[in-house]
1. Looking only at the range 25-73, filter to residues that are buried (at least 18 other Cβ atoms within 10 Å of the Cβ), of a type in the set (A, V, I, L, M) and modelled with pLDDT under 95; which one of those is nearest to Asn157 (Cα to Cα)?
2. Somewhere in the range 112-129, is a residue modelled with pLDDT of 95 or more and closer than 12 Å to Cys171 by Cβ?
3. Return the only residue of Tyr148, Tyr76 being at pLDDT below 95 and either part of a helix (DSSP H, G or I) or touching a Gly at 6+ places or on another chain (Cβ under 8 Å) (or both).
4. Which numbered condition trips up His132, out of (1) over 14 Å from Gly113 (Cα atoms); (2) in a helix (DSSP H, G or I)?
5. Which one of these does Ile90 not meet: (1) among the aliphatic types (A, V, I, L, M); (2) at pLDDT below 95; (3) over 19 Å from Ser17 (Cα atoms); (4) part of a helix (DSSP H, G or I)?
6. Which members of the range 34-68 meet the condition of being among the small types (Gly, Ala, Ser) and touching a helix residue (DSSP H, G or I) at 6+ places or on another chain (Cβ under 7 Å)?
7. Residues Leu140, Leu158: which one is closer than 20 Å to Ile9 by Cβ, modelled with pLDDT of 95 or more and either within 12 Å of the chain's Cα centre (by Cα) or surrounded by fewer than 18 Cβ atoms within 10 Å (Cβ to Cβ) (or both)?
Amino acid sequence: MKKTLNKYIKEIIKTGSSAVKFIDPKKVMVGNWVRLKCQFGCDAFGTRLTCPPYSPTPEYTRQMLKEYSSALFFTYKYPALKERKKRQSIRRILAKLEREMFLDGFYKAFAMGAGPCNLCPEKCDLTKPCLHAELARPSLEACGIDVYATAKNAGVNLKVVKSYKDTPTYCCLLLVE
């Protein structure tokens with residue numbers, strides 16, 4: 001599988017990723033506590049269709065991961081002040097990669113990004129379907145994925161951002177079967 005995915009690794013690197021690693025989906029760590037960080041720490045909680053309580057639950061994510069045999073874990077580093085615009089770009093990159101993989105025969109390919117979706121300039125209208133369903137994907141955190149433990153399992157050294165002056169690292173996951 002690794003050799004088959006080299007095309008996509010090259011594509012991810014071209015988009016500016018700072019690290020791309022193979023990871024067994026069994027090593028993607030999911031914790032119930034992660035969604036609490038969304039609920040009690042993120043101002044997007046309950047305001048986006050890609051965020052809790054609308055995103056997949058940790059239990060659903062655990063079960064879904066069992067349906068995949070391979071994954072790519074990759075990161076992007078961006079200055080904190082540009083994070084909202086860059087996350088939009090990341091979502092577009094993820095959707096493009098996922099679609100390309102689907103068209104190449106990896107019909108189960110599914111991508112997850114980082115942080116709250118910002119494809120729309122305002123908060124989601126929660127009474128209507130997503131206006132950008134073809135691009136919007138939940139973040140790892142929204143699905144209960146422990147990003148720090150998963151990064152460690154993938155061989156990526158993540159550090160906690162301690163200041164708005166620090167450069168955050170955005171983590172993504174592309175599940176493949």
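1. Once the filter is applied, the top-ranked residue is Ala44.
2. Yes, the range 112-129 contains a residue that is modelled with pLDDT of 95 or more and closer than 12 Å to Cys171 by Cβ.
3. Numbers: Tyr148 fails: at pLDDT below 95.
Criteria check complete, one pass: Tyr76.
4. (2)
5. (3)
6. Taking the range 34-68 and keeping what is among the small types (Gly, Ala, Ser), we get 41, 44, 46, 55.
Ser55 - this is the single residue of the range 34-68 that is among the small types (Gly, Ala, Ser) and touching a helix residue (DSSP H, G or I) at 6+ places or on another chain (Cβ under 7 Å).
7. Details: Leu158 fails: modelled with pLDDT of 95 or more.
Leu140 is the lone residue from the list that is closer than 20 Å to Ile9 by Cβ, modelled with pLDDT of 95 or more and either within 12 Å of the chain's Cα centre (by Cα) or surrounded by fewer than 18 Cβ atoms within 10 Å (Cβ to Cβ) (or both).
The values are calculated or read from the model by the stated rules, or taken from the named source; none is laboratory data. Just so it is clear, the model here is predicted, and its values are computed rather than measured. Positions of Cβ are backbone-derived with ideal geometry, glycine not excepted, and every protein chain shown enters the neighbour counts.
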